[in-house]
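Data first, discussion second: the structure below is written as structure tokens.
The values are calculated or read from the model by the stated rules, or taken from the named source; none is laboratory data. Because the structure is a prediction, the values reported are computed rather than measured. When we count neighbours, we look across all protein chains shown, and the Cβ atoms used for this are built from the backbone with ideal geometry, even at glycine. Accessible surface areas use protein heavy atoms only, side chains included; no ligands, DNA or RNA. Shrake-Rupley method; radii C 1.70, N 1.55, O 1.52, S 1.80 Å.
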Amino acid sequence: MSCACGQNHNHAPPPILGGEEIPLEKPLVSLTGRLICKDAAQMMLAMDLLTEHVALSRAEPGNLRFDLWQSEDPLVWELNELYADDEAFEAHRARLEHSRWGRESHGIGRDFTRSDPLPRIRAELAHDRAAVADLLARAFDGPAEARLVEALRGAGDLALSLVAEAKGTVIGHIALSPLAAEGPALALAPLAVHPAVQSRGIGTALVRAALAAFDDHTIVVLGDPAYYRRFGFVPADLESPYAGPHLMALGPRLPAGSRIVHAPAFAGL
């Protein structure tokens with residue numbers, strides 16, 4: 001499992017909308033542009049090839065986004081691709097050499113622009129919800145955490161929901177939800193980063209942004225002590241169904257042995 005005071009503390013965090021960039025040693029690779037058919041015959045060829053091409057590209061482990069759509073001009077397809085790094089992009093190009101698309105689409109024109117975007121952290125927006133659910137299912141290899149976030153959101157128990165996004169693609173997410181405790185307290189759960197870009201500092205940046213938004217609260221997490229100690233979390237002596245070496249806390253100290261209760265959505269995990 002990843003990771004309400006009965007007095008109902010509702011401290012709103014400062015807005016996190018500016019979108020601070022996350023520096024990466026290995027930058028992401030973005031490709032935007034167009035596929036241009038010269039006539040109806042090429043258009044029909046593209047329509048025959050693209051379904052398989054898109055499916056195989058999205059299945060590549062280093063692919064973060066692969067969207068193609070026909071523009072108002074039926075001979076032109078718009079393209080938006082995002083890869084974890086240059087190696088992932090080169091692996092994509094190598095795969096194309098042996099694919100139907102690579103063998104049969106040479107006559108179709110290409111007009112592409114490459115860039116190396118940095119992810120940005122910002123507040124979750126309504127249009128992010130499906131992407132957040134997909135990210136959580138990928139990161140946790142199943143739908144449980146996506147259901148948790150949806151249940152928290154539906155109950156009004158998302159005190160904070162941040163995403164890391166690059167070129168419109170959600171690649172990281174963190175949530176805070178209220179805890180019933182003897183003082184203002186929140187649960188950090190879940191924290192997720194797309195498998196293709198894990199261990200790149202994105203999760204660390206999300207945790208630091210969430211902690212900064214609620215630095216007057218106790219933040220409680222159930223997670224890997226080796227990971228969370230770097231932020232200052234320490235073992236929590238609290239009464240909880242999750243009590244044990246993986247229950248950790250940071251911030252104003254709650255009374256030892258005092259009881260905490262997670263939001264009702266956690267009962268579904």
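Miscellaneous remarks
- Residue within segment 70-77 that is at pLDDT 95 or above, loosely packed, with under 15 Cβ neighbours inside 10 Å, of a type in the set (D, E, K, R) and assigned to a loop (DSSP other than H, G, I, E, B) present: yes
- Within segment 189-204, if we keep just the residues that are part of a helix (DSSP H, G or I) and of a type in the set (A, V, I, L, M), the residue that is surrounded by the fewest Cβ atoms within 10 Å (Cβ to Cβ) turns out to be ALA196.
- In segment 111-128, the residues that are among the hydrophobic types (A, V, I, L, M, F, W, C), open to solvent by less than 70 Å² (accessible area, probe 1.4 Å) and assigned to a strand (DSSP E or B): ILE121, ALA123
- Residues that are surrounded by 16 or more Cβ atoms within 10 Å (Cβ to Cβ) and part of a loop (DSSP other than H, G, I, E, B) do not occur anywhere in segment 44-59.
- A single member of LEU179, LEU211 is open to solvent by less than 40 Å² (accessible area, probe 1.4 Å), of a type outside the set (Val, Ile, Thr) and more than 24 Å from ARG122 (Cβ to Cβ), and it is LEU179.
- Residue match in segment 78-98 (condition: within 20 Å of ALA131 (Cα to Cα), of a type in the set (Asp, Glu) and open to solvent by less than 20 Å² (accessible area, probe 1.4 Å)): yes
- In segment 225-258, the residues that are surrounded by fewer than 12 Cβ atoms within 10 Å (Cβ to Cβ) and under 12 Å from ALA185 (Cβ atoms): PRO255
- Taking segment 129-156 as the range and being part of a loop (DSSP other than H, G, I, E, B), open to solvent by 30 Å² or more (accessible area, probe 1.4 Å) and either over 18 Å from ALA192 (Cα atoms) or small (Gly, Ala, Ser) (or both) as the test, the residues that pass are ALA155, GLY156.
- Selection over segment 86-144 of residues that are under 27 Å from ALA213 (Cα atoms) and not aromatic (Phe, Trp, Tyr) gives a count of 24.
- Single condition VAL170 does not satisfy, out of (1) open to solvent by 10 Å² or more (accessible area, probe 1.4 Å); (2) not in a strand (DSSP E or B): (2)
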